[in-house]
Amino acid sequence: MTAPKSGSSWLGIGSLFVEPPEDFWPAFSTAHSFTDNAAQIEELKLQSEHRANEFSVPTLPPPEGEATRILDAFAAEGWVEKEERWCCPQCQEQLGEAEAQEPTCPSCEVLFQDHGGLVQETVYVRDLAAIRPVDWVVAIHGMNTAGAWQEEFSWLMGSTWGRSVPVAVYKYGIVITGVLLFWRRRQLLSDFRAKLDKLRQQAVAQNLSDCPDLIAHSFGTWLFGHLLEGELHRPKEERLRFGRVILTGCVLRPDFDWQKMRDAGLVEEVLNHYGTKDPVVPVAHLAIVRSGPSGRRGFDSEQVWNIRAANYGHSSLFAIDRFVVDGKPLQKTPGENGVRHLEHSYQRYWRPFLTLPAEELGRIPDRANPKHPWKALPWPLSGNLFPYLAVPLLLALIVFLVPCLHRLLDPIQGATKTFLKYGGLGLLAVLSTTGLIFLGRWILGRGH
Ligand SMILES: [Zn+2]
């Protein structure tokens, strides 16, 4: 299901299988003039958030008349159903309709009328599915960070669950040439798969699922997406499979075929949390083959939960030195109500995404899909040419700038200079053509 934009649109269209979204409550209070019933509404909301499937008047603060009015309104909005029940006055056993017609209790066999007659009660019921269990999680960092957030994330996973959820932190170190050169990428991918396969075997040996959830950032998302593509070519019984997947600062192509991955059972659900001011992601498309700016504009797919983080940069979602204060992100000081970005991302988006039953995922806020389909840059500019110009150029620069090396390599100095000149010109051509294409798209009003 798709979440409506504002709370008011939830009025009258409740569901017995879904927890009302956060913004339902103020709209509910206003619509039914419950402005003087703050304590009762607060208690109902709390019970609802704890996923109670049964509500009743005595569990809300007094006065009873008002509590009844609130629960009746909750039912009228469609979030619960009102139900009459009968119980034995002696053993409190709940009775079916036919049993309530009999004179004696089927459980304790007393005569109802000897104990003051049947007890009738009114309850308000619904049918929420159980919270999805999270067995273990894999965390993969980005390109040139040691991934300090992974430790913080692990701590959150371990401390807010009521039990410890193992987090396998996958580290591949600092890679620069690795993202540019295809043989290094192939090696990284193969190491990554070998490690995941080993983790899976260990998990199964410890009675955990063979299908972990996963969170990835930046180049980690590229590794993960390409790992999945590789799995499609393996026999079914060998394939690595994943549960729910969170992508941040994602550098996969926005037209990545998630439908295929889901149909093959390789992933259960995917959340793409994108920052609209991510400066790194657009560059990836130029420098890395088969990549694109999905971490800045979302995937062109209904198969993914695209969650928009307005004005966020490449790593803002994980920031532990920036705060969300009264709904305002990227604040430098926490003030009174400030929450660190990492905690904010975790509590508001990622934890619900990992735990909510599939039919309730629509409650996750700030979902926004791209307005236009993405267009890849022409072949030479989409990561195919860049590495072959940038890497030799870098090497040529080093050779040229280190004087001692310079002297030693005097005989080939001419060649180095030539390389520097043409490599530089080539790179300049790639960069300026890309600039012109974006400019052209922008002028034509079709770009994004
Ligand atoms: Zn009884």
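The values are calculated or read from the model by the stated rules, or taken from the named source; none is laboratory data. Everything quoted here is computed from the prediction, not taken from an experiment. All Cβ positions, even for glycine, are placed from backbone atoms using ideal geometry, and neighbour counts span all protein chains on display.
Yes or no, residue by residue, for (1) touching a strand residue (DSSP E or B) at 6+ places or on another chain (Cβ under 6 Å); (2) crowded, with 18+ Cβ neighbours inside 10 Å:
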site	(1), (2)
Lys198	no, no
Arg234	no, no
His273	yes, yes
Val280	no, yes
His285	no, yes
Ala309	yes, yes
Taking the range 166-193 and keeping residues at pLDDT 85 or above and over 21 Å from Glu231 (Cβ atoms) leaves Pro166, Val167, Val169
| field | Meets criteria (within 16 Å of the ligand (Cβ to nearest atom) and in contact (Cβ under 8 Å) with a residue 12 or more places away in the chain) for Gln120 | value | yes
For the range 77-98, pairs from a residue that is under 30 Å from Ala27 (Cβ atoms) and away from the ligand (no atom under 11 Å from the Cβ) to a residue that is β-branched (Val, Ile, Thr) and assigned to a loop (DSSP other than H, G, I, E, B), with Cβ under 7 Å and 6 or more apart or across chains, are Gly78/Ile13
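Listed here are the residues, each with its yes/no results for (1) over 28 Å from Asp210 (Cα atoms); (2) of a type in the set (Val, Ile, Thr); (3) in contact (Cβ under 8 Å) with a residue 40 or more places away in the chain.
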| site | (1), (2), (3) |
| --- | --- |
| Cys250 | no, no, yes |
| Phe256 | no, no, yes |
| Leu266 | no, no, no |
| His285 | yes, no, yes |
| Phe299 | no, no, yes |
| Val304 | no, yes, yes |
| Ala309 | yes, no, yes |
Filter result for Leu71 (among the hydrophobic types (A, V, I, L, M, F, W, C), surrounded by 12 or more Cβ atoms within 10 Å (Cβ to Cβ) and within 16 Å of the ligand (Cβ to nearest atom)): no
key: Residue check, Ser159 without any contact (Cβ under 8 Å) to a residue 12 or more places away in the chain, surrounded by fewer than 17 Cβ atoms within 10 Å (Cβ to Cβ) and small (Gly, Ala, Ser)   = yes
Counting only helices (runs of 4 or more DSSP H) entirely within the range 204-291, those with at least 2 residues that are under 18 Å from the mean Cα position of the chain (by Cα) are 219-231, 258-263
Counting only residues in the range 236-252 that are in contact with a helix residue (DSSP H, G or I) (Cβ under 7 Å, 6 or more places away or on another chain) and surrounded by fewer than 22 Cβ atoms within 10 Å (Cβ to Cβ), the one nearest to Leu196 (Cα to Cα) is identified as Leu240
